[in-house]
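Colleague: Take a look at this one; I'll ask things after.
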Amino acid sequence: MGVGVLALVAGCGSNGDGAPGTAGGSLEQLAVRARCAPDITTDAADLRQATCKKGSRRFVLATFTTDRGQSEWFAEARAYGGTYLVGRKWIVVGSRTVVTEVRERLGGTVVAAGHEHGDGGHHGAP
């Protein structure tokens, strides 16, 4: 699966569909671009993860120090289903509606995985 995630984000630029080129940076920098106030839930050497809330919007933002770490996390998370926004060394997990909205600010590739459970909440943040 690792190659699949890397292929999704390799050469990310404007997709010709109105989404910006894929953003990069720290968890805090990505949160600013996504217009959310992150509540850090995991602060490890290889993974930083936060719950982001703004009004009724809620999503998980995870950043990784390596492509391999991102790929392994994503492979495990996909088993739970859900909608993911995949960027270079970061992933957003949330409802399809929220992920689509965040994509307008961060770019990235939307990936629907496994068995989704409607449009509410997130599934699959290990």
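Colleague: Once the convex hull of the alpha carbons of region 23-113 is built, what does its volume come to per residue, in cubic angstrom?
Modeller: Working: hull volume 7.5 nm³, N = 91.
Given the Cα convex hull of region 23-113, per-residue volume reads 82 Å³.
Colleague: With the crude spin-label approximation of a point 7 Å out along Cα→Cβ, what separation in nm comes out for residue 65 versus residue 33?
Modeller: 2.1 nm
Colleague: Sum up the charges of everything whose Cβ sits under 12 Å from the Cβ of residue 73, counting Lys and Arg as +1 and Asp and Glu as -1, but leave residue 73 out.
Modeller: After counting each charged neighbour, the total is 0.
Just so you know, all these numbers are worked out from the coordinates, no wet-lab data involved. Quick caveat, the model's predicted, so the values are computed rather than measured. Every residue, glycine as well, gets a Cβ built from its backbone with ideal geometry; the counts of neighbours run over all protein chains shown.
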